[in-house]
């Protein structure tokens with residue numbers, strides 16, 4: 001087993017450092033193609049956050065525009081004492097962690113199945129990708145009306161099929177609102193995880209697996225000591241990218257429960273503060289809190305992703 | 001042994017596909033047949049719901065979505081390809097920091113910038129205007145596109161570039177003969193991903209558009225509350241709106257993985 005080596009971790013020889021000095025003009029000529037994209041990104045994505053920061057220190061309700069002024073930290077006090085916002089933070093964490101972990105585990109199982117040869121593998125792969133390709137709002141509507149509906153939804157219909165006319169007919173959404181939202185998201189994100197992990201499995205060094213089999217390793221040993229270490233970076237990549245997308249989820253919460261029954265996550269809550277309460281100052285303060293939280297998570301996540309991708313970037 | 005795993009895989013595939021199949025089947029049933037318990041699988045097929053859907057003026061939102069998605073994808077490519085060139089082939093100094101700056105903008109929740117963006121749209125008279133969405137979708141997809149295009153352009157072999165330079169090939173010739181063949185699959189993957197994300201976007205479209213510039217996902221939110229018998233029509237609408245993404249995604253399954261993993265998985 002000592003011959004087994006993690007291929008992705010193999011150090012690539014560093015190219016000789018380029019010490020060639022460029023003149024100022026040459027440096028700007030190199031920067032020129034980059035500038036439009038960089039300036040565009042700074043203006044459209046960074047300036048709004050600066051503006052949010054400024055508005056968060058202001059007293060500003062669009063229903064009472066005359067009373068606009070400097071508010072200091074009042075909006076932040078309001079945000080931190082607002083029970084809705086506090087529970088939204090918890091909901092966001094639970095929702096994101098559950099969806100990412102469950103879809104990662106299911107995706108791993110499916111990727112391991114699809115890594116084997118069997119009749120119709122291409123067709124099964126295509127069927128498994130389909131959930132990811134349904135427009136998120138459409139998927140949420142499908143789950144809400146065609147699957148969860150207690151009277152004519154497919155889930156209760158199947159229960160009637162299996163257990164007859166007096167089968168239990170649960171109210172899926174009002175009975176387990178957060179799980180209902182999570183299930184629909186797991187359905188959409190499992191294919192994503194599967195695709196990334198399948199690509200990881202297929203880049204696994206086959207000769208090492210063959211050698212281990214010849215040496216009498218069991219299927220479990222091959223999985224535990226060869227496959228899983230190789231997949232680690234793909235698991236991290238899937239978890240990271242999944243978190244970036246799921247933490248910002250608005251569509252499923254908005255469509256399935258309209259943020260009710262304790263499912264309002266941060267994006268939905270801020271949307272609501274801004275849309276319904278018209279309190280610009282407080283909505284902005286909530287936005288700043290979200291950004292600060294995201295920066296903490298993103299710093300951690302960027303460290304993970306940079307160790308993963310810098311290798312590839314350097315290559 | 002392999003046969004058993006095959007059976008498991010087929011079972012899992014059918015299970016995940018079942019909601020999609022159910023959506024399509026329901027959209028092809030009449031309203032009374034769509035809303036039965038137990039479900040009526042073998043009810044007669046009808047295209048009534050599609051007829052009803054296309055009678056309800058779905059074209060403006062579909063065309064708006066198409067304009068916003070194609071417009072922003074073109075703009076993204078125009079900005080991202082030169083940027084990726086400056087981050088891979090003729091590298092600027094501190095290029096990897098620039099690359100991570102682009103990625104970090106994807107980690108900030110868009111919802112936090114929603115209010116200033118709304119106010120800007122309001123003061124400049126750009127509310128309910130598709131051009132404003134094009135700009136926002138461009139900023140949303142640009143970091144992904146820069147990462148993706150960079151990972152493709154980084155594969156252009158340096159020796160060939162140097163050989164081309166020694167042979168006196170100009171910039172245009174080098175781009176056309178050496179860079180373009182490597183970049184084309186990357187451009188295809190990038191376009192696919194940008195198109196799908198723009199087509200799917202709801203939050204900005206919901207806040208910033210109204211009757212004129214509403215996109216297809218905004219149109220779909222009209223079905224959030226259930227009133228009367230409408231299940232078949234909801235399913236028909238969901239099928240039509242998802243169709244472009246389904247077709248594009250199935251046609252380019254491998255590009256999808258590359259794009260979603262920002263080029264880290266090839």
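Nothing in this text is a laboratory measurement; each read-out follows from the coordinates by a stated rule. Note that this is a predicted model, so its numbers are computed, not measured. For neighbour counting, all protein chains shown are included, and Cβ atoms are generated from backbone atoms with ideal geometry for every residue, glycine included.
Kirkwood Rh, Cα Rg: Rg to Rh for the protein assembly as shown?
Reported Rg/Rh, Kirkwood definition of Rh: 0.98.
Its alpha carbons considered, chain B gives a radius of gyration followed by a Dmax of 22.8, 75 Å. Spatial offset of the stretch A:171-214 relative to the stretch A:269-292 amounts to 34 Å, using the alpha carbon center of each. Computed over the Cα atoms of chain A, the ratio of the radius of gyration to the Kirkwood radius (Rg/Rh) comes to 1.06. Take each residue in B:16-29, count the other chain C-beta atoms within 10 Å of its C-beta, and the mean is 5.
Averaged over A:283-290, how many beta carbons belonging to a partner chain fall within 10 Å of each residue's beta carbon? Spell out each step's value before the answer.
Working: counts 4, 5, 0, 3, 8, 1, 1, 4.
Mean partner shielding for this stretch: 3.
Any chance you could give the angle, 0 to 90 degrees and rounded to 10, that helix B:114-123 forms with the longest Cα principal axis of chain B? Once rounded, the angle reads 90 degrees. Rounded to the nearest 10 degrees, the inclination of helix B:130-153 to the longest alpha-carbon principal axis of chain B is 50 degrees. Here the sum of -39500 (n - 2.57) over DSSP H runs of 4 or more residues, divided by the residues of chain A, equals -19500 deg cm²/dmol at 222 nm, to the nearest 500.
Give the shape of the stretch A:84-221 as rounded, prolate or oblate, defined through the alpha-carbon gyration tensor: a ≥ b ≥ c are the square roots of its eigenvalues, a/c under 1.5 means rounded, and otherwise the shape is prolate if a/b is larger than b/c and oblate if not. Walk me through the intermediate numbers first.
Numbers: a/c = 2.40, a/b = 1.73, b/c = 1.39.
Note, shape of the stretch A:84-221 comes out prolate.
Between helix B:180-200 and chain B, what is the angle of the helix's C-alpha long axis to the longest principal axis, kept within 0 to 90° and rounded to the nearest 10? The helix B:180-200 is inclined about 40 degrees to chain B. Gain on full extension, evaluated as 0.36 nm per residue between residue B:36 and residue B:59 minus their Cα-Cα distance, stands at 5.2 nm.
As a rough footprinting exposure proxy, the listed residues B:59, B:22 were ranked by other beta carbons within 10 Å of their own, and the order from fewest upward is B:59, B:22. When only alpha carbons are used to place a centre, the stretch B:184-241 and the stretch B:27-85 end up 7 Å from one another.
For the listed peptides A:172-178, A:26-32, a ranking on the average number of other beta carbons within 10 Å per residue, highest first, reads A:172-178, A:26-32. From the Kirkwood radius over Cα pairs of the stretch A:103-153, Stokes-Einstein at 10 °C and 1.306 mPa s returns a whole-number translational diffusion coefficient of 123 µm²/s.
Mean shadow of the stretch B:147-258, computed from the convex hull of its alpha carbons, in nm²?
10.1 nm²
Shielding of peptide B:80-86 by partners, expressed as the average count of other chain Cβ atoms within 10 Å per residue Cβ, is 5.
Peptides A:56-64, A:129-137, B:163-171 ranked from most to least packed, by the mean per-residue count of other Cβ atoms within 10 Å: A:129-137, A:56-64, B:163-171.
Would you work out the relative contact order for the stretch B:1-82, in percent, from Cα pairs under 8 angstrom that are 6 or more residues apart? Don't skip to the answer; put the middle values down first.
Values: 27 pairs, mean separation 16.0, N = 82.
Contact order relative to length: 20 percent.
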